[in-house]
Amino acid sequence: MDSRACACVKSELDLFNVNPVQLSTEDSSFTEIFPVASLSDKTPIEFYVSGSGEHYLDLAHTLLHLQVKIKKRNGTILGAPDQVAPINYLLNTLFSECSVTLNDKQVSSQANYSYRCIFDALLSPRAVQESMLTSGLFYKDAASKHESVELANGSDNINPGYQTRYNICKDSKLIDMIGPLHFDLGNQSKCLINW
């Protein structure tokens, strides 16, 4: 045990003390950060978060917001005969790598980012999978039907996750996705000093 630590009682057993009130946070807000350069097929998407000195950064609440539209290679919209649906959890599996740099020093790099995201999603509680992760287009595939791309036509070989993603994306509708980034610094409860 750390010499600076003090003994305590589990909060569930402490029946007579009043819970402490958090007074250190005056307010909080989200700030939109746009990519540094224009998007292209070959360049990475970079964001620059500048420090202001008087605020902290809560990396655990870093969110990515994307608006995408699935089209054919020639740019035309999907039609009725096209049975196209994106991969599961498109918001994060769209990217192969995620790197975090602080003061021009890389502190985190994940070369298999899409795999980490899908594993994090699959290992999340069912309530999270069926609520928060659906905003990133996560709809769990049925066991043993991951390869099934049949649509609802009376067949019992339907993958409900694929069917849902197909219905959301058909006719090249605009898809609005938002969700957390899965990186190591975002998994800790401490705020980052914003210098």
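Read-outs: derived from the displayed coordinates by stated rules, not from any lab. Keep in mind the model is a prediction, meaning the values are calculated, not measured. In this analysis, Cβ positions are derived from the backbone assuming ideal geometry, glycine residues included, and neighbour counts consider all displayed protein chains.
See the values below:
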read-out: Value of [θ]222 nm, deg cm²/dmol, for the chain, DSSP H segments ≥ 4, -39500 (n - 2.57) each, nearest 500; value: -3500 deg cm²/dmol
read-out: Two-decimal ratio, segment 11-67, of alpha-carbon radius of gyration to 2.2 N^0.38 Å; value: 1.88
read-out: Computed over the chain, the ratio Rg/Rh where both radii use C-alpha atoms and Rh is Kirkwood; value: 1.06
read-out: Placed amide H near LEU192: partners under 5 Å, 5+ positions off or other chain; value: LEU57, ASP58, LEU59
read-out: Those trypsin sites (Lys or Arg not before Pro) in segment 29-81 that DSSP places in a loop and that have at most 13 other beta carbons within 10 Å; value: LYS42, LYS69, LYS72, ARG73
read-out: Proxy reagent accessibility, fewest Cβ within 10 Å first, across TYR162, TYR139, TYR56; value: TYR56, TYR139, TYR162
read-out: Residue among THR25, SER52, SER148 farthest towards the positive dipole end of the chain, charges placed on Cβ; value: SER148
read-out: Check: segment 57-195 dipole with +1 on Lys, Arg Cβ and -1 on Asp, Glu Cβ, in debye; value: 240
read-out: HN-Hα J in Hz across segment 49-56 - Karplus 6.51, -1.76, 1.60, θ = phi - 60°, x for Gly and Pro; value: 9, 8, x, 10, x, 10, 10, 9
read-out: Sites GLU46 and GLU12, calculated FRET efficiency, Cβ-Cβ separation with R0 30 Å, nearest 0.05; value: 0.05
read-out: Added length on full extension, which subtracts the Cα-Cα distance from 0.36 nm per residue, ALA143 to THR164; value: 6.0 nm
read-out: For ILE77, ILE168, order by how many other beta-carbon atoms lie within 10 Å, fewest first; value: ILE77, ILE168
